[in-house]
Amino acid sequence: MYLIFIILLNIFIVGLSSVIDDTTGKFIKSLTSSIHSSASITAFFCIKTDKAVEVTKIFSQYSLIADIHTSFDNYNFDNVNLQIAHQHYYVIDFDCNDAVSIIKLANMKRMFVAPFKWLIINDQNMSITNDIEDDYYEKNKSSLFSVFKNINIYPDSEVFIGQREIINNTFKLLSLYRPSFNHDLIIENRGSWNYRNGLVLTNHDSSSRRRRDLKKTPLKSCLVMTNPDTLNHLTDYKNKLVDAVTKANYPWIIHLVNRINATVNFTVRDTWGYKDKNGSWNGMIGLLDSGEIDIGGTGTFLIPERIGVVDYVQLYTPTGSKFLFRRPPLSYVSNLFTLPFSRSVWLAIVIFLFLVCCLLFITMKWEFNLSIKNNNPMSYYKTIKPTISDNFLVILGAVSQQGFSYEATIISTRIIIFMVLLATLSLYAAYTANIVALLQSTTDSIKTLTDLMNSPLKIGIYDIVYSRYILSTIEEPVRKEFYEKMVKGNEHVWMSLTEGIQKLRQGLFAFHVEVGAGYQLIQETFEEDEKCGINEIDIFNLLNPLLVIKRQSPYRELIRVGAMWIHETGLQKRDIRRLYTEKPTCVGGTSFVSVGITECYAAISTLFYGAALTFIIFIIEIIWKKWFDKSEINVEENDMNNIEIDEENISQLDVDYLE
């Protein structure tokens, strides 16, 4: 008799649960506007079509876009819009016959992971006697939660249970999750709803705060080590030049795991992970892609190929690989002898010397003519008529401070000479002072990859696996040209850290290295003055290495919030300062600079080309002299022949005359 009563009671309650009325609409509106504000829902109700139209109108009154399904057979979750998933709720009447089937199908489609949100409506009749009520409630509760026993509902899931008390028109709000598949389901009491007070939450904490205790859930991670000995120095801050990213990230992983009350097991790989010819991933990324680990223990670069394979967390390691080089002397990229003055000053000097040359030529000409007119005795240099070339040599001697070869006798010429000597003295002093400063200067003209390619600097690259991979896959035109021109096929550019830094110290060498390790070795081996003038060029153009986790990890939000906590509490900065060396500060000033062939190249070139031009003119003069002398001899011979002919003619005329 009791069994028959319970069966009839269940049938009665199921009939009641199928009634979706204004009360249910208000409850759904309160929930979707208070927790994870949403604008649309997909509802699964076992009601008739005309009733579904009425329910749609109810939801419309509360500004909710509702897609109501009265038949569950043909729904397969294939057309889910991921772009608006965070603003969407799925609502199921659990008392419908096919509700369990929909829940299991959603589980197969991974629809219980973030950002999907679910509301399960379940009716409870609280008007019957206490004994029967308690018995029914326990059975109903057991039935409801037994369905979710094997469902993948983890800390990132948002699954709410709305238990309605039909007689009182109130709802009790619960939420479900489990720390891991091996843990039992945890039920959270989130609050209650009624007509008078609306939705009253027990607390407003986010799920990442409420579900921080993972009950010692075992997580898996992977550390990337290029040197096996790194395993012995993860926490003692020794040998900081090797696997610095791993040594910095290891304590962060420990902090994250301890914060969420979990445990972690590490595996080791010698590479971060790259896609092979078959399209599969190796290394740490391969383990994340296959789901073998939960967290990457070593930060990795954000590259396009990995987007969609793993998820990145904003816990970065402030390092990166760049070209380091000492700024080359200015003489290696410019002619020092043209730099002391600007273009406008050079133009003013040329105009000034041209005017002086003209004035001096006029006065020298006048002085020469005056001497000839007065018939004054003149020395050798005054017996030659002044020319433009003479004038030029006189001015050149004054400008170069080599003396003035002309001795003026009239006051106007002396005034011009005095003006020239005084002006060129000032110019010479300024010019030589600037030359001395420029000899000690370095150039900042190498700022881009193109500048580096066109500079006299040789290059070297620290031989590490990610540098070889990233450089070989670059598609950006300038960087690809750099790789094709200076790296591809040149195995000698790949070298060890010590060798590269040693060549960097010698100068005229750019070394591509992880800046933390590079600066550490520079700090240890360079003299103070050698630490000045170190520049960087970024060829990878990538973000700093970031922490990576498994795609759609159920612990993503917990790890993300934990990463922010590590940053905000200073734990990140503490480990970075212990492991990474910042760019050395220039405190040594400049040292003694020797002048070499490069600095004197322009002067030597001028001397060489001048000597070559002199030699050519000398040869031309010799040829001209021989040709001119030969011409004079021919003229003299012709004159002699003409004289002999004339003498013979005269003799013949005399004989004829005597006869």
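The values are calculated or read from the model by the stated rules, or taken from the named source; none is laboratory data. What you see is a predicted model, and the numbers here were worked out from it, not measured in a lab. In this analysis, Cβ positions are derived from the backbone assuming ideal geometry, glycine residues included, and neighbour counts consider all displayed protein chains.
Summary of computed values
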{"item": "Region 428-458: number of residues that are over 20 Å from the mean Cα position of the chain (by Cα) and not in a loop (DSSP other than H, G, I, E, B)", "result": "14"}
{"item": "Members of region 235-263 found to be under 19 Å from Thr569 (Cβ atoms) and within 26 Å of the chain's Cα centre (by Cα), listed by number", "result": "Ala248, Asn249, Tyr250, Pro251, Trp252, Ile253"}
{"item": "Test: residue in region 242-260 that is in contact with a Phe, Trp or Tyr (Cβ under 7 Å, 6 or more places away or on another chain) and buried (at least 20 other Cβ atoms within 10 Å of the Cβ)", "result": "yes"}
{"item": "Every residue from region 314-336 that is among the β-branched types (Val, Ile, Thr) and either at pLDDT 95 or above or over 24 Å from the mean Cα position of the chain (by Cα) (or both)", "result": "Val333"}
{"item": "Total residues in region 221-234, condition in contact with a Lys or Arg (Cβ under 8 Å, 6 or more places away or on another chain) and either of a type in the set (Phe, Trp, Tyr) or free of Cβ contacts under 8 Å to residues at least 24 places away in the same chain (or both)", "result": "3"}
{"item": "Number of positions in region 221-245 that are modelled with pLDDT of 95 or more and hydroxyl-bearing (Ser, Thr, Tyr)", "result": "1"}
{"item": "Matching residues, region 569-594, being among the aliphatic types (A, V, I, L, M) and either exposed (fewer than 11 other Cβ atoms within 10 Å of the Cβ) or at pLDDT 85 or above (or both)", "result": "Leu571, Ile576, Leu579, Val587"}
{"item": "Residue match in region 91-112 (condition: in a strand (DSSP E or B), among the aliphatic types (A, V, I, L, M), more than 49 Å from the chain's Cα centre (by Cα) and under 23 Å from Ser206 (Cα atoms))", "result": "no"}
{"item": "Residue satisfying all of: in region 482-498; outside any helix (DSSP H, G or I) and under 17 Å from Ile539 (Cβ atoms); farthest from the chain's Cα centre (by Cα) among these", "result": "Asn490"}
{"item": "Residue within region 62-73 that is small (Gly, Ala, Ser) and in contact with a strand residue (DSSP E or B) (Cβ under 7 Å, 6 or more places away or on another chain) present", "result": "yes"}
{"item": "Count of residues meeting criterion [in contact (Cβ under 8 Å) with a residue 12 or more places away in the chain and surrounded by fewer than 17 Cβ atoms within 10 Å (Cβ to Cβ)] in region 57-68", "result": "5"}
{"item": "Cβ-Cβ under 6 Å pairs, at least 6 apart or on other chains, region 236-247 side outside any loop (DSSP other than H, G, I, E, B), far side surrounded by 22 or more Cβ atoms within 10 Å (Cβ to Cβ) and among the β-branched types (Val, Ile, Thr)", "result": "Val245/Thr298; Val245/Thr317; Thr246/Val224; Thr246/Thr298"}
{"item": "Filtered residues of region 596-625 (kept if among the hydrophobic types (A, V, I, L, M, F, W, C), under 19 Å from Leu336 (Cα atoms) and in a helix (DSSP H, G or I))", "result": "Ala602, Ala603, Ile604, Leu607, Phe608"}
{"item": "Enumerated strands (runs of 3 or more DSSP E) restricted to region 509-551, each holding at least 3 residues that are touching a residue at least 12 places away in the same chain (Cβ under 8 Å), touching a strand residue (DSSP E or B) at 6+ places or on another chain (Cβ under 8 Å) and within 30 Å of Gly291 (Cα to Cα)", "result": "546-550"}
{"item": "Checklist (1) without any contact (Cβ under 8 Å) to a residue 40 or more places away in the chain; (2) acidic (Asp, Glu); (3) part of a loop (DSSP other than H, G, I, E, B) applied to Asp213, failing item", "result": "(1)"}
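Residues checked against (1) surrounded by 13 or more Cβ atoms within 10 Å (Cβ to Cβ); (2) under 30 Å from Glu524 (Cβ atoms); (3) not assigned by TED's automatic domain parsing to the domain that holds Ile303:
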position	(1), (2), (3)
Tyr431	yes, no, yes
Met453	yes, no, yes
Arg468	yes, yes, yes
Ser496	no, yes, yes
